[in-house]
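**Q** Sharing a structure below in structure tokens format, with a few things to ask.
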Amino acid sequence: MHWMRRHVRLLTVSLGVLLLGSLTLGAAVAASPFTEFKMIVSGGAATCLPNASADVRIRSTGPVEVMNVDVSGLPPKTDFDFFVIQVPTAPFGVSWYQGDIETNGSGKGHQTFIGRFNMETFAVSPDTAAPPQVHTDGMFPDATEGVSFRPIHTYHLGLWFNSPADAVKAGCPGGQTPFNGDHTAGIQVLNTNNFPADHGPLRQITP
């Protein structure tokens, strides 16, 4: 009987330690500073680029995040423009230009971006100020008046053709959009519409 009582106490302690360890591990996973997810083909490019996709990996170092993006199924040797955006599809909302991704001869490309890509990512304009005038012609000239808005989180990602000509060459629609450095980009190719509009993938990352 004494042996059985000791055995029961030992088993109870072991189970308690195991349960505590599981809860601790679960909390650590929930607060993990790392995530990976896919970007999917945009509605406007679904017919012309049905196999387009991207694998995204984001790791927080504390002060910043490191985001690696690997694209595939795109036209070869073509430039694309990468943005952090408020919502994944039109009207897109507040949008922040990150950089470019160029594909190789197989339609694959890679780029690394370093910045603030987590649940705290946001834009704010506390008051109006006169904006710089750099690109003043074309379909999407620079704004001539500033705007004021409270903090807006931007949790989604989008990728655009660098030019309408590149889109047409790939058999896609040739509409022009403002999503490149001089506001003469083509249509959106990839986005994160596989996540809810108010809960994009960047919201998964804790700083």
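All of the numbers you see were taken from the coordinates with simple rules; none came from a lab. Model, not experiment: these values are computed from the prediction. When we count neighbours, we look across all protein chains shown, and the Cβ atoms used for this are built from the backbone with ideal geometry, even at glycine.
**Q** Could you list H183, H199, H135, H156 so that the one with the fewest beta carbons within 10 Å of its beta carbon is first and the one with the most is last?
**A** Details: H183 17, H199 11, H135 14, H156 28.
The most exposed by this proxy come first: H199, H135, H183, H156.
**Q** List the residues whose amide H sits under 5 Å from the amide H of G99, counting only those 5 or more places along or on another chain, with H placed 1.01 Å from N in the peptide plane.
**A** The list, which skips near neighbours in sequence, is F82.
**Q** Need one number: nm distance between label points at D70 and E36, each 7 Å from Cα along Cα→Cβ, rounded to one decimal.
**A** My value for the distance between the label points is 0.8 nm.
**Q** Follow-up question, since we're still on this one. Out of the GluC sites (Glu not before Pro) in region 53-152, which ones are loop residues according to DSSP with at most 11 other C-beta atoms within 10 Å? The partial results should precede the final answer.
**A** On the way: sites: E65, E102, E120, E145; in loops: E120, E145.
Sites meeting the loop and neighbour criteria: E145.
**Q** Where the centroid of each part is defined by its Cα atoms, how far is region 133-207 from region 40-116 in Å?
**A** The two parts, judged by their Cα centres, are 11 Å apart.
**Q** In debye, nearest 20, what is the charge dipole magnitude of region 33-80 about its Cα centre with +1 on Lys and Arg Cβ and -1 on Asp and Glu Cβ, if you could check?
**A** Rounded to the nearest 20 debye, it is 40 debye.
**Q** Under the Karplus relation 6.51 cos²θ - 1.76 cosθ + 1.60, θ = phi - 60°, what is the ordered set of whole-Hz ³J(HN,Hα) values for region 63-74, x standing for Gly and Pro?
**A** Using θ = phi - 60°, the values come out as x, 9, 10, 10, 10, 9, 10, 10, 9, 8, x, 9 Hz.
**Q** Taking R0 as 41 Å, what's the FRET efficiency between F149 and S106 from their Cβ-Cβ distance, rounded to 0.05? Please report the intermediate quantities before stating the final value.
**A** Details: r = 42 Å, r/R0 = 1.02.
Computed FRET efficiency for F149 and S106 comes out at 0.45.
**Q** Give me the extension gain from D182 to N51: residue separation times 0.36 nm, minus the current Cα-Cα distance, reported in nm with one decimal.
**A** Contour length minus the Cα-Cα distance gives 44.3 nm.
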